[in-house]
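Encoded as structure tokens, the structure appears first; notes follow it.
The values are calculated or read from the model by the stated rules, or taken from the named source; none is laboratory data. Everything numeric here is computed off the predicted structure, so don't read it as measured data. Note that we place each Cβ from the backbone using ideal geometry, even for glycine, and neighbour counts take in every protein chain shown.
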Amino acid sequence: MEEHLKNSVTDGQEEYVLNIGPQHPSTHGVLRLVASLRGEIVTNIEPHIGYIHRGIEKMCESLTYPQIIHLTDRMDYLSAHINNEAVCLNVEKALEIDIPDRIKVIRTIMAELTRIQSHQLFWATFGMDLGGLTCFFYGLRDREKVLDIFEETCGGRMIVSYNCPGGLMHDIHPGFQKRVKEFIEYFRKTLPEYDQLLTGNVIFRERTMGIGKLTLGEAIAHGITGPTARASGFSCDVRKKEPYSAYDRIKFNEVLFTEGDTYHRYLVRMDEMRQSMDIIEQLIDNIPEGPYAVKMKPIIRLPEGEYYQRVETARGELGVYIISDGNKNPYRVKFRSPNFVNLSVLNMLSKGFKIADLIAISGSLDLIIPDIDR
Amino acid sequence: MRSIVKYISEVLSGVWSLLKGMKVTGSYFFRPSAIVTQKYPENRKDLVMFERFKGEVIMPHNENNEHRCTGCGICEINCPNGTIEVITKTIITPEGKKKRAIDKHIYRLSMCSFCALCVKTCPSNALAFSQEFEHAVFDRSKLIKISNKPGSQLMKGVE
Amino acid sequence: MPFDIYDFTSLTQWIDTSLNDRLSPFWAVVAEMAIVGLLILVFYALIGLFLVYAERKVCAFMQNRLGPNRVGPFGIFQTVADLIKLLLVELVPIRNADKFLFNVAPFIVIIASFMAISAIPFAKGLHAIDLNIGVFYVIAVSALGVIGVLLAGWSSNNKYSLIGAMRSGAQIVSYELSVGLSLITVIILAGTMQLSEIVQAQSTGWFIFRGHIPAFIAFVIFLIASTAETNRGPFDLAEAESELTAGFHTEYSGIKFAFFFLAEYMNMFIVASIAATVFLGGWMPFHIGSWEAFNHVMDFIPPFIWYLMKTFFIIFLMMWFKWTFPRLRIDQLLTLEWKYLLPINLVNVVFMAFIVLMGWHF
Ligand code: SF4
Ligand code: SF4
């Protein structure tokens, strides 16, 4: 590790090695980037990860399936619901359980709310990375409303643990629908403010347009998923490609751009918030009646075999791979986390740009460090 | 000529986009009613948490100091991180039968990850979440709590 | 004129003569210097504390927050409490720093802003020195602060600090041009560089109205350039907390940090007062043509209050900028200056000269 910190000499010029992180305002967690600079220009980025490795995959091997759920909350904490859902879907698929519509619809609404709040936080922190501190507060202000919905129904704000194999922990709160509708109405009014404050702003456009271009080929080659890939034109939305829960019965557009620069990565997320609101509006008034959970055996044992389920989190494709040997604990669990893969292009994207662009690019990848390290 | 027009229109549209942003922040500046933050310790009295809020796991007791816990230990098995420890004892019922009863139901708040599995799986609904959220203490040992109150008994009719 | 009751000339003259009566000329000057120094020091500290508080409240309201509200009513003593805290905080010694430069840098920054403030006319007859090249002096002296910033960044021996300092150097060298040129535009109109006379010349109308289009353009450019010169957002590249953690003052703590902090606010105050003096008529009340009654009422507001009102208006504008816009990148910062502000400014100077020659101003 130490040799990276020494100044390396290349073609007669010394490189200025700057250690960004693990405690840095713009790495959004404990990511460490060892940046080699020439003047302000970034020549190389070496991400050092593992500062928040908790061994979640290994821990899963000693837990039962219902217990695994609460660990997935803590991977990508902004997509907690969707992570929960991924494990539950996988377990349900393995057990070949039919899930009633009510559960599917509620899960979908919750997942879309999660997506909205995650993108709100993205907007907030992205604005902050670019130096517009006020965005941070507006984003968090609106996110608070979603968190209130979660808190009322699930009892937790970020760490929700609302899904469980076979359904949900408990039924939705009686005030759930009203609250969601109020939020959608409110957020449709405040979303234009986001555009006025950042999207249209000439400084913002100058800072982001044409910065950190990711081509379609590179996106596919690196396995990039989520909004980051869709900004480059890679149609990879699992909700469309392999619909799970209630996504097969609703209409929504997959947001696609071809430019692949920082600005369009931002735009994808802005548009996805609108799409998510459309999805919620289609579902919120016709939540079917029915039980909120299927009766499961007290001890869940998956039949021997390998199971894989992928879902679309707010950052890309999360894959849950479970090998079962028929016991109540899984034999092996592997999470294919979108952030770990998305981080891999950071060096490629930011080479030749300035430090300020590096911050903008890493902000636009919307990395969640606990999901990288797990 | 065209480039000059382009230059000027670029400058003007840039300034216009900046003014739009200033309109948003400026309008909030003159609208103190839009303030969302609160003065926390002062508003303690009217600060109501949602009833499902997972503050900490408690064992509700009724007015006769009775709880519903039979000491079966299912919550202990289900807890993913060993937060709960159930210590049982054997008591003699008035009818002269030996019976298992709870001695201590230990709950370590510092280890709890609020997954709600214990509350959900308890066969006799003995556990619940309280809405308490002010958990800060000066001594770590204060986070180890005993859920059943001293001298409490099993509620009648709960098996 | 009715606002003569607020004229400080007689008061200062009376102090001067009575001191001279009692003391030898040398000691009289020393006593005067002491009085002026003390007054400015107190004024400086008060304004600094107030501005920090005001900024925190302004940004809080823009961000839907309450802002400081604990110490005193509406938290007005918050900054005092912060100051006490900063005084008590340990000064962390930096092992590989250049000790002398590291310690001297905050003083350079604060002395530069201190010197600039002395030439500003607060009201009629109320300024420390009335140089005949006042505008020039203020620009020159306030630009000295960058030396402190450069030294701070260099001597802390911290990579973030160094980048911050270098950015700051590039920034000030370029924006100094625009500040100077936009003031020159007005000097053409005023025909003098003496600040007191510039104010006096605006008794019939503020320069921003009298010089209409070119003066307004100059005012806008001055606002942008001076925001950049004071290292404030959206031009706060030298600090850029999301990129360089705290830029040039990363390694400073305690009272040394407070010096940088205070100097930032005082620089903002200084450029705002220059803008108020040069474009908005300094301490001159607001008059509208022939509305005698209205003008009369305006005259009763003391000139010092007028001066403060205008200055704070401009400070508010600068805070508004800071809390709305994202930060520029270093190359964009220089592009803005060399490709946009400077050409516009040069054309504007010629335009103004033409207007003055033709007598098309009011
Ligand atoms: S909520 Fe979960 S972690 Fe906490 S005590 Fe109950 S089962 Fe254990
Ligand atoms: S709390 Fe419930 S699950 Fe736990 S020991 Fe008591 S009865 Fe059993």
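Residues in region C:238-252 that are in contact with an Asp or Glu (Cβ under 8 Å, 6 or more places away or on another chain), of a type in the set (A, V, I, L, M, F, W, C) and within 14 Å of chain A (Cβ to nearest Cβ): 1 in all.
Of the strands (runs of 3 or more DSSP E) lying entirely inside region B:42-112, those carrying at least 3 residues that are away from ligand 1 (no atom under 16 Å from the Cβ) and either within 21 Å of the chain's Cα centre (by Cα) or more than 30 Å from A:D171 (Cβ to Cβ) (or both) are B:84-92, B:98-108. When region A:119-159 is filtered for residues that are among the charged types (D, E, K, R) and within 11 Å of chain C (Cβ to nearest Cβ), the ones remaining, listed by number, are A:D129, A:R141, A:D142, A:E144.
Considering region B:105-127, and only residues there that are loosely packed, with under 15 Cβ neighbours inside 10 Å and more than 10 Å from ligand 2 (Cβ to nearest atom), the residue that is nearest to the other protein chains (Cβ to nearest Cβ) turns out to be B:M111. Yes or no: region A:43-61 includes at least one residue that is buried (at least 18 other Cβ atoms within 10 Å of the Cβ) and either basic (K, R) or within 11 Å of another protein chain (Cβ to nearest Cβ) (or both). Yes. Taking first residues from region A:313-332 that are farther than 30 Å from A:L367 by Cβ and partners that are part of a loop (DSSP other than H, G, I, E, B) and among the polar types (S, T, N, Q), the Cβ contacts under 8 Å between residues at least 6 apart in sequence or on separate chains come to A:K328/A:T64; A:N329/A:S62; A:N329/A:T64.
Scanning region C:140-153 for residues that are surrounded by 19 or more Cβ atoms within 10 Å (Cβ to Cβ) and more than 14 Å from every other protein chain (Cβ to nearest Cβ) yields a total of 9. When you scan region B:122-136, do you find a residue that is touching a Pro at 6+ places or on another chain (Cβ under 7 Å), assigned to a strand (DSSP E or B) and within 16 Å of ligand 1 (Cβ to nearest atom), even just one? Checked against the condition, which is being touching a Pro at 6+ places or on another chain (Cβ under 7 Å), assigned to a strand (DSSP E or B) and within 16 Å of ligand 1 (Cβ to nearest atom), region B:122-136 yields at least one hit. Count of region B:86-100 residues, restricted to those that are within 11 Å of ligand 2 (Cβ to nearest atom) and surrounded by fewer than 16 Cβ atoms within 10 Å (Cβ to Cβ), is 2.
Return the residue satisfying two criteria in turn: it lies in region B:147-156 and is loosely packed, with under 14 Cβ neighbours inside 10 Å and of a type outside the set (K, R), and of such residues it is modelled with the lowest pLDDT. For region B:147-156, the residue satisfying everything is B:G151. Output yes when any residue across region B:13-34 is within 14 Å of chain A (Cβ to nearest Cβ), of a type outside the set (F, W, Y) and touching a Pro at 6+ places or on another chain (Cβ under 8 Å), and no when none is. Within region B:13-34 (the criterion being within 14 Å of chain A (Cβ to nearest Cβ), of a type outside the set (F, W, Y) and touching a Pro at 6+ places or on another chain (Cβ under 8 Å)), the answer is no, since none of the residues qualifies. Cβ-Cβ contacts under 7 Å between residues 6 or more apart (or on different chains), taken from a first residue in region B:106-123 that is on the phi < 0 side of the Ramachandran plot to a second residue that is near ligand 2 (Cβ under 10 Å from one of its atoms) and part of a loop (DSSP other than H, G, I, E, B), are listed as B:Y107/B:S147; B:L117/B:C79; B:C118/B:C79; B:C118/B:L127; B:V119/B:L127; B:P123/B:C72. If I filter region A:8-24 down to residues being buried (at least 17 other Cβ atoms within 10 Å of the Cβ) and within 12 Å of chain C (Cβ to nearest Cβ), which single residue comes out as modelled with the lowest pLDDT? Selected residue: A:G21. The number of residues in region A:67-90 that are assigned to a helix (DSSP H, G or I), touching a Gly at 6+ places or on another chain (Cβ under 9 Å) and within 12 Å of chain B (Cβ to nearest Cβ) comes to 1. Within region C:303-336, being within 14 Å of another protein chain (Cβ to nearest Cβ) and not hydrophobic (A, V, I, L, M, F, W, C) holds for C:K322, C:T324, C:P326, C:R327, C:R329, C:D331, C:Q332, C:T335.
Being at pLDDT 85 or above, closer than 19 Å to C:F43 by Cα and not hydroxyl-bearing (S, T, Y) is a property that does not hold for C:F61. Just one of the listed residues (A:I69, A:I116) is over 23 Å from B:S113 (Cα atoms) and out of contact with any Lys or Arg (no Cβ under 8 Å at 6 or more places or on another chain), namely A:I116. Just one of the listed residues (C:S168, C:S156) is within 14 Å of chain A (Cβ to nearest Cβ) and either touching a strand residue (DSSP E or B) at 6+ places or on another chain (Cβ under 7 Å) or crowded, with 22+ Cβ neighbours inside 10 Å (or both), namely C:S168.
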